[in-house]
Amino acid sequence: MKRLGGVVLVAAVGCTPLDVERRTERGPLIRTYSQEKALNERIPFATTQVQWPRLTLAFSSADICRAEEHGEYAEDVISTHYSRGAASAVSMGGIFTVLGGTLLAGRTWFSDSPNRTAIDERGRYGASSRDVATGWGLGLLIVGVPAVVAGIVQLNRSGETRETRKADELLSLREVPCQAKPVDGVVELAGGEGPQPPPRLTLNGALVLTADEIRELSFVGLALDGMPVTLQEEDFDRLETFRTCATLLASPVDPQTLAGEARTQPDRLRMKRELARSCAQLPGAPTQPLLDAIEGALGSTAL
Amino acid sequence: MKHLFRWWPWVCLTACSGPEAPDALVCRDVVVRLCQTAACPGVSAQLVPGEACESTLLQRTGCEDDAFTFADPTRERVLRCREALLSRGPTTANPPACSDARRFVSECPDVAGFFWERQQP
C-alpha cells in the first residue's frame, strides 16, 4: 500500500513540465555531392577547333543545367532540460518535511491536557498542545513531501540530451550547358560591317571555315536557324585569334619591309610580334618564318 | 471540496478542540466577560465594575459551585448568547467590546436576566 502511494505520488508530481533550451552545433563535414537539374531550356552552343588553315565550328543544342554542390554535415541538437524551481522545492519541502516529521514523531512531548484557558463557541475547551502539534505536523508533511518528491523528480529529469542528425548546405550553384546533342541547321554570320555574308549549311553538326574565307568575312555573332549561338569564353577567344592570325599570316614575310618598320615604328612591330606569338598557339599555324623575320628586324635595329 | 483540501491543515487546527467544558466553567467564563464590560454604558446599572462584580454574579447565579448545571436557561441557550461575547477570541485575556455586551443584552434578555436582573430562588 505504501509502495502504491509512493508510485501515485511520483506519477502525480512527475508530470511537472520542465523548461527546455535547444542549441545546434555543427559537426564535421561528412561528404560533398553534386546534383544537376535540367531547366528544359535548350539553346544552341558552338565550340571551336583549329587545325590550320581550318577552323571548325561544332554546333550543338544543349540544355541549361543547374549544377548544385552540396555539403552534408553532422549536426548535434543539444537540448538542456532544467527547472528553475526544483532546488528551492527540494529545500523548502525538505524543511517542511523535517519540521512536520519532528512534530509528529515528538507529539508525545507535548501536553495532552486541553487548553482550559479557552472555551470555544460550542462550549468546548481549546485543543491540547499535542493535538495542535499533530495538526501542524500533518499539515507540514502534506505540503513538504510532495514538494520534495517533485523537486527530486525534476532534478533527475534535468540534464542534457544530444541528438545527431544530418544537415545539408548548398555550397555553390552554377548554370552550365548539359546533355548536348549535335545539331544541323543554317548558320548566319551576323552583325558585321558591310553586306551580310550568305548563310551556310552545317554538315554533321559542323561548319568549317578556312583562313582565306574568314579573312573576307565580317561578322560579330553567330545564329543557328535564327537563334543566337552561345560560345564559351575560350571558344570565342580561339575564334578571334584565328581571325586575327588569318590576316596576319596571309601577308608575305618581307625582311626589308620589316626592317624599315623596325626603324620607323618599332612599337608597332613589337605588337605584331606578340600577335604572331599568340598565333603560335593555334595548331599548325606557320608562324615561325614571320617570328624569325620580326626578331631579325628588331635585332638589327638594336645593333 | 477543493478549498477544504487546500485549507485542511488550517481547518484542522481551528476545528480541533478539547473536551466539553462543565456548565460551571462556562458560566464563570460568561461572568468574567460580563464584568469586563461592566463599565460600558447601556449594559446594566446593576453591574458594579471591580472585583465585587464577579463575586456578586457568581453568588447570584450559583456557578461558583463546581456541580452547577444550567436548567433555565439551558446550556445551549447560554452558549448561543455567549457567541456575541467571543468576537475577540475564546479566552478571557481580551475583554469583549462594549458593543458586543450591548448586543448580548438586547438579543438575550432572558440570559442577561439569569446573570443579574433577577434573584435566584
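The values are calculated or read from the model by the stated rules, or taken from the named source; none is laboratory data. Being a predicted model, the structure only gives us computed values, none of them experimental. Positions of Cβ are generated from backbone atoms using ideal geometry, with glycine treated the same way; all protein chains shown enter the neighbour counts.
When segment B:75-107 is filtered for residues that are of a type in the set (Asp, Glu), free of Cβ contacts under 8 Å to residues at least 40 places away in the same chain and either closer than 14 Å to B:Cys35 by Cβ or within 11 Å of chain A (Cβ to nearest Cβ) (or both), the ones remaining, listed by number, are B:Glu76, B:Glu83. Set side by side, the residues A:Val220, A:Val186, A:Val229, A:Val208 differ, and just one is of a type in the set (A, V, I, L, M) and touching a Ser or Thr at 6+ places or on another chain (Cβ under 6 Å), which is A:Val208.
Put simply, of A:Ala285, A:Ala246 the only residue that is surrounded by 15 or more Cβ atoms within 10 Å (Cβ to Cβ), not in a helix (DSSP H, G or I) and not aromatic (Phe, Trp, Tyr) is A:Ala285. Take A:Leu138 and decide whether it is free of Cβ contacts under 8 Å to residues at least 40 places away in the same chain, surrounded by fewer than 20 Cβ atoms within 10 Å (Cβ to Cβ) and of a type in the set (A, V, I, L, M). The answer is yes for A:Leu138.
Within segment A:96-108, residues that are surrounded by 15 or more Cβ atoms within 10 Å (Cβ to Cβ) sit with their Cβ atoms under 7 Å from residues that are polar (S, T, N, Q) and assigned to a helix (DSSP H, G or I), at 6+ positions apart or across chains, in these pairs: A:Leu104/A:Thr134; A:Arg107/A:Thr134.
One line per residue, one yes/no per condition, for (1) at positive phi; (2) in contact (Cβ under 8 Å) with a residue 40 or more places away in the chain; (3) buried (at least 18 other Cβ atoms within 10 Å of the Cβ):
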position	(1), (2), (3)
A:Arg162	no, yes, no
A:Arg165	no, yes, no
A:Glu188	no, no, yes
A:Gly194	yes, no, no
A:Glu216	no, no, no
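Working only within segment A:111-136, note down all residues that are at the interface with chain B (Cβ under 7 Å from one of its Cβ atoms) and among the β-branched types (Val, Ile, Thr). Selection gives A:Thr117, A:Ile119, A:Val132.
In a helix (DSSP H, G or I) and modelled with pLDDT of 90 or more: is that true of B:Leu25 in this structure? Against the criterion (in a helix (DSSP H, G or I) and modelled with pLDDT of 90 or more), B:Leu25 qualifies. Scanning segment A:141-160 for residues that are under 46 Å from the mean Cα position of the chain (by Cα) and either within 14 Å of chain B (Cβ to nearest Cβ) or free of Cβ contacts under 8 Å to residues at least 40 places away in the same chain (or both) gives a single hit, A:Asn156.
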